[in-house]
Amino acid sequence: MNGDGSVKKYALITVSLASFLTPFMGSSINLAVPSIGREFDSGAVLLSWVVSSYILASAAFLLPFGRLADIFGRKKIFVIGLLAFTLFSLLCGLSWSIEALIAFRVLQGIGGAMIFGTAVAILTSVFPPQERGKVLGINVATVYTGLSLGPVLGGAMNQQLGWPSIFYFNAALGLFVVLLTALKLKGEWAGARGEKFDLGGAVLYAAGLVAFMYGFSSLATSTPAKFILAAGLLLIAVFVGHEAREEQPMLDMRLLSKNVPFAFSNLAALINYSATFAVGFLLSLHLQVVMGYSSQTAGLILLFQPVVMALLSPLAGTLSDRIEPRIVASWGMGLTALGLAVFAFLSASTPVWLIVLNLMLLGTGFALFSSPNSNAIMGSVEKKFYGVASSTMGTMRLIGQSVSMAIATLIIDLHIGSAQLSPAIAGLIVTSVKMSFAIFAVTCLGGVFASLARGNVNAGEKA
């Protein structure tokens, strides 16, 4: 169903606004972490869960909601997700304790998963193949705009109006998108109407992922963490076996076992996000607690990375239509590894201009990797698998983000424990930040080989 001009127009507007919301929320809250810590008298580890809980909930529920949307209707799940995201954004702003804030962040993340799992699928349903590349490009641009504006607006709102204002802004924008979708976006799309929902697979997947991530990030402070981690790995293994036997699985395992370019492109995405997502969180701590900058100034400094990404991503995508995506993406991964290695030598006396230059290098690397890698993933599958491919890609991104925050949390936990964020522990923060970046640099270097191993993909062939 391609729909008329009105459906196309409002599908693009609503999906783009929703796609702006989720990355904006993620990048803006990083700047408010020290303020939240002061208000609730919380240590660094609990504060990292303010960021991690949202990503983890989104990752755990993305695939199940993507599948539910295919069966019961993508617009339906999209609107419910927007309503949940809006309501829990408001409640996050009204939180009375750090525990309440983390609980509402989990519920906000579940709403975010409904948006993630349906946004690109709605655009794919509404627009014909010859227009898809352009509209997906616009959608990616709004994601990067959210990432870019997050640190600036988030830092300014946090400083001038207090951290709850970030959540109120998201709630207001979310409500506007809900009303626009309900009133203007006509029609419904369900590619698998009448098929069975694999509830067993959904439970195994969500439980396994949550147990694995929680166990991993709590290894330093909790004795049972290693058992929770092992249980998570076991549940994920059971999930893989279950999906291979299922007639209508949540995730078709043949895509990963028989399609080498698809499998390695997704692995490269997982490694890249695992190595890069915590950069904003770690630098926010370093710039504010160690170097003494305000959240507003720290936001302006962090802005350089997503701006370079937004500017270069369309160019990198076009480049990957002419040159093999694996070549462009692997160069991007290599530049990212170099930038992360530079940050492994960060200290309290590192000049700001060097941090800015290195953020621009990271932005260049990420742009060269991201669009060509997405191009390779979508180009390696048949049309009937577009929804599954985009859901898998989104899942890799969110799992990677969770892993990234889990590594940062684990290292902060080892060095700082439950100590309050203050200049008194600046030395310990510097040590934690440097060690995190060293691990991320090595991880990213390994990702270059995963990126090269995918083989040649003519990304335009199956589109």
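Within region 427-456, the set of residues being modelled with pLDDT under 80 and buried (at least 24 other Cβ atoms within 10 Å of the Cβ) comprises just one member, R454. Quick check on region 316-352: of everything there that is surrounded by fewer than 16 Cβ atoms within 10 Å (Cβ to Cβ) and assigned to a loop (DSSP other than H, G, I, E, B), which residue is farthest from the chain's Cα centre (by Cα)? If we take residues in region 316-352 being surrounded by fewer than 16 Cβ atoms within 10 Å (Cβ to Cβ) and assigned to a loop (DSSP other than H, G, I, E, B), then S349 is farthest from the chain's Cα centre (by Cα). Would you mention how many residues in region 131-176 are at pLDDT below 80, hydrophobic (A, V, I, L, M, F, W, C) and over 24 Å from L12 (Cα atoms)? Residues in region 131-176 being at pLDDT below 80, hydrophobic (A, V, I, L, M, F, W, C) and over 24 Å from L12 (Cα atoms): 1 in total.
Determine if region 84-91 includes at least one residue that is under 30 Å from I411 (Cβ atoms) and assigned to a helix (DSSP H, G or I). Quick ask: steps written out before the conclusion?
To start, the set of residues in region 84-91 that are under 30 Å from I411 (Cβ atoms) comprises 88-89.
Now drop any that are not assigned to a helix (DSSP H, G or I), which leaves 88-89.
Among the residues of region 84-91, at least one is under 30 Å from I411 (Cβ atoms) and assigned to a helix (DSSP H, G or I), which makes the answer yes.
Output the residues belonging to region 212-229 that are modelled with pLDDT of 80 or more, more than 19 Å from the chain's Cα centre (by Cα) and part of a helix (DSSP H, G or I). Listed by number, the residues that qualify are G215, K226, F227, I228, L229. Checked against the criteria, F264 counts as in a helix (DSSP H, G or I), under 30 Å from W331 (Cα atoms) and either assigned by TED's automatic domain parsing to the domain that holds A57 or modelled with pLDDT of 80 or more (or both). Checked against (1) modelled with pLDDT of 80 or more; (2) touching a Gly at 6+ places or on another chain (Cβ under 7 Å), G187 passes all but a single condition, namely (1).
Okay, residues lined up against (1) over 30 Å from T431 (Cβ atoms); (2) of a type in the set (G, A, S); (3) in contact (Cβ under 8 Å) with a residue 40 or more places away in the chain:
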residue: T14; (1), (2), (3): yes, no, yes
residue: A18; (1), (2), (3): yes, yes, yes
residue: T22; (1), (2), (3): yes, no, yes
residue: G26; (1), (2), (3): no, yes, yes
residue: V33; (1), (2), (3): no, no, yes
residue: V51; (1), (2), (3): no, no, yes
residue: P64; (1), (2), (3): yes, no, yes
residue: L68; (1), (2), (3): yes, no, yes
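Is one or more of the residues making up region 75-91 at pLDDT below 90 and of a type in the set (K, R)? Before you say what the answer is, go through the steps one by one.
Going through region 75-91, the residues at pLDDT below 90 turn out to be 75-79.
Subsequent filtering for residues that are of a type in the set (K, R) retains 75-76.
Yes: region 75-91 contains one or more residues that are at pLDDT below 90 and of a type in the set (K, R).
Exactly one residue out of S257, S313 is part of a helix (DSSP H, G or I), small (G, A, S) and touching a residue at least 40 places away in the same chain (Cβ under 8 Å), and it is S313.
Restricting attention to region 291-306, report how many residues are outside any loop (DSSP other than H, G, I, E, B), surrounded by fewer than 22 Cβ atoms within 10 Å (Cβ to Cβ) and in contact with a helix residue (DSSP H, G or I) (Cβ under 7 Å, 6 or more places away or on another chain). Walk me through how you get there before you give the answer.
Of the residues in region 291-306, the ones outside any loop (DSSP other than H, G, I, E, B) are 295-302, 304-306.
From the residues that got through so far, the ones that are surrounded by fewer than 22 Cβ atoms within 10 Å (Cβ to Cβ) too are 296-297, 300-301, 304.
Filter again for in contact with a helix residue (DSSP H, G or I) (Cβ under 7 Å, 6 or more places away or on another chain), leaving 296, 300-301, 304.
Total meeting the criteria: 4.
Residues are listed down the side, and each one gets a yes or a no for (1) within 22 Å of the chain's Cα centre (by Cα); (2) within 24 Å of S52 (Cα to Cα):
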position	(1), (2)
E247	no, no
M253	no, no
P306	yes, yes
P314	yes, no
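M309 satisfies every condition listed in (1) surrounded by fewer than 24 Cβ atoms within 10 Å (Cβ to Cβ); (2) modelled with pLDDT of 75 or more; (3) closer than 29 Å to P128 by Cβ except (1). Among the residues of region 359-382, count how many are among the aliphatic types (A, V, I, L, M), in a helix (DSSP H, G or I) and modelled with pLDDT under 80. Number satisfying all stated conditions: 3.
Whether any residue in region 87-97 is in contact with a Cys (Cβ under 9 Å, 6 or more places away or on another chain), under 20 Å from G154 (Cα atoms) and not assigned by TED's automatic domain parsing to the domain that holds T395 is what I want to check. Within region 87-97, none of the residues are in contact with a Cys (Cβ under 9 Å, 6 or more places away or on another chain), under 20 Å from G154 (Cα atoms) and not assigned by TED's automatic domain parsing to the domain that holds T395. S35 - would you say it is within 16 Å of the chain's Cα centre (by Cα) and either in a helix (DSSP H, G or I) or surrounded by 23 or more Cβ atoms within 10 Å (Cβ to Cβ) (or both)? In short, no.
The values are calculated or read from the model by the stated rules, or taken from the named source; none is laboratory data. Just so it is clear, the structure is predicted and the values come from calculations on it, not from any experiment. When we count neighbours, we look across all protein chains shown, and the Cβ atoms used for this are built from the backbone with ideal geometry, even at glycine.
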